[in-house]
Amino acid sequence: MSASGGKMGPSLTQEILSHLGLASKTAAWGTLGTLRTFLNFSVDKDAQRLLRAITGQGVDRSAIVDVLTNRSREQRQLISRAFQERTQQDLLKSLRAALSGNLERIVMALLQPAARFDAQELRTALKASDSAVDVAIEILATRTPPRLQECLAVYKHDFQVEAVDDITSQTNGILRDLLLALVKGGRDSYSGIIDYNLAEQDVRALQRAEGPSTEETWVPLLTQRNPEHLIRVFDQYQRSTGQELEEAVQNRFHGDAQAALLGLASVIKNTPLYFADKLHQALQETEPNYQVLIRILISRCETDLLSIRAEFKKKFGKSLYSSLQDAVKGDCQSALLALCRAEDM
C-alpha cells in the first residue's frame, strides 16, 4: 500500500495500531471501532432522558446527541423499544418531528438497524445515477458477508424488489456484471496457504486479457479471489509489467466501469485507506458532502474507524477530527465529532 503524508511524526493512534500489527492492513472486523458498548447502560434512564429532551421547553439537542452517539447500535435498538413501551410512541418518528436538517439525518441513521440503513443508501444510489457506482461499491464490497445478506433481505422486504433486479435495470455492461458478482458474495475465504502458482496464473491472465476477454477475466478475478491473494497478484503484476494495476485499469476501462474497478481495487488493497480517501474528498467539496460523511462515520464507528483515522492522518497530515471541526457547521457538528471520538496528535 502506498500513502504519502507530510514529514510528521506518527500519531498516538498510529503508534498503538503499529504495536497491534494492524496499522498497515485491513482491520479485523469489530476490533477498532470508536464507539463501543456503553458499560453503565440503563435503557430506562436513556429512554426517559430522550423523552425529556423532546418534551421539555425547547428541544435538548445536546442530550439527544450525547445518548445516541455513546451507545452501540444494539443498545440504541433497546432504547427504541423501551421508549415505545413507555410512551406508546415511535422514537424515530418523535425525534424526526423534533429535529431537522443534517442532525435529523444523523439521528435517523443512528436509530435504524444497520442492514436497513445500508439498504436505503443502496436503493437511493441505484435510483440516482450520479452516485450509483460509488455507493454500490462501498456497500457491496466492504460489508461482511452476513451483514450484506441481511442488507439484501431488508432491501427486498422494504422495496418489494430484489437488489439484483434494480442493479440489472439501472446499470449496464461491465459495471452491472461487477455489481451482480459482488451481490452474489462468492469471494473465496483465505485458507492461510499461499498459492504462488495461482497468483502467477492470475497475473498472466490479466496481462493477456484483451478485447471481449478483458471483462471475462477481470470481473471474476477481482470479485471471487480473497483479498490476501489479490494483494499478492497486484504486487506481482506491478513487478512483471512495471505498472500498478490501477494504471492498467485506467488504460483498459472507461467511465463507470473504470471507477468501479478502481474503487474495488482500493477496497482490496487497504479498506481503511479507501474510507479515509472518501472522507477527505467529502470534506474538500465547497459544501461538505454530508451524506457521505454520515454514512461512513455511522457505518464504520463500531468496526474500524480508528484505522480509518490513522490512515487519514498518515496520508493528509491532518487529523480527521480537526478536519471535521473545520469543515462541518451547524447542529450536526457535535454528533459527527462524537462519532469520530478524538483528535490524533
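The values are calculated or read from the model by the stated rules, or taken from the named source; none is laboratory data. Everything numeric here is computed off the predicted structure, so don't read it as measured data. Note that we place each Cβ from the backbone using ideal geometry, even for glycine, and neighbour counts take in every protein chain shown. These area figures cover heavy atoms from the full protein model, side chains too; ligands, DNA and RNA do not enter into them. Shrake-Rupley method; radii C 1.70, N 1.55, O 1.52, S 1.80 Å.
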Mean separation of Cα contacts under 8 Å, 6 or more apart, over the residue count of the chain: relative contact order %: 27
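Can you give the helix-only mean residue ellipticity at 222 nm for the chain, where every DSSP H stretch with n ≥ 4 adds -39500 (n - 2.57) and the sum goes over all residues, rounded to the nearest 500 deg cm²/dmol? Show your work: numbers first, answer last.
Working: 21 runs with 241 residues, N = 345.
Roughly -21500 deg cm²/dmol at 222 nm, from the helical runs in the chain.
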Bins of 5 Å from zero: percent of alpha-carbon pairs in the stretch 194-267: 3, 16, 31, 30, 16, 3, 1
Cross-link partners of K314 among aspartates and glutamates (Cα-Cα below 14 Å; sequence separation of 8 or more within a chain): E15, D277, E343, D344
With all protein chains modelled, accessible area of E210 [1.4 Å, Å²]: 110
All-pairs alpha carbon distance profile, the chain, 10 Å steps from 0, percent: 5, 23, 31, 26, 11, 4, 1
Accessible-area composition of the chain, carbon plus sulfur, in percent [1.4 Å probe]: 47
Estimated vicinal HN-Hα couplings, Hz - the stretch 138-146 in sequence order (Karplus 6.51, -1.76, 1.60; Gly, Pro = x): 4, 6, 6, 9, 10, 7, 5, x, x
Segments 135-148, 48-61 sorted - mean Cβ within 10 Å per residue, highest first: 135-148, 48-61
Rh by Kirkwood over Cα pairs, then Stokes-Einstein D for the stretch 41-109 at 1.567 mPa s and 4 °C, µm²/s: 109
Under the Karplus curve 6.51 cos²θ - 1.76 cosθ + 1.60, θ = phi - 60°, whole-Hz ³J(HN,Hα) for the stretch 183-197, x wherever Gly or Pro sits: 4, 5, x, x, 5, 4, 8, 6, 8, x, 9, 7, 9, 5, 5
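To the nearest 20 debye, what is the magnitude of the charge dipole of the chain about its Cα centre, counting +1 on the Cβ of each Lys and Arg and -1 on the Cβ of each Asp and Glu? Let's see the in-between values first.
On the way: 41 positive and 43 negative charges, 193 e Å.
The calculation lands at about 920 debye.
Determine by what factor the alpha-carbon radius of gyration of the stretch 270-338 differs from 2.2 N^0.38 Å, reporting the quotient.
Numbers: Rg = 10.8 Å, N = 69, 2.2 N^0.38 = 11.0 Å.
It is 0.98.
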Furthest towards positive pole of dipole, T144, L262, L110, structure part the chain, Cβ charges: L110
28 Å Cα-Cα threshold exceeded, pairs from K93/K329; K278/K329; K184/K315; K156/K313; K127/K318; K127/K184: K184/K315; K156/K313; K127/K318
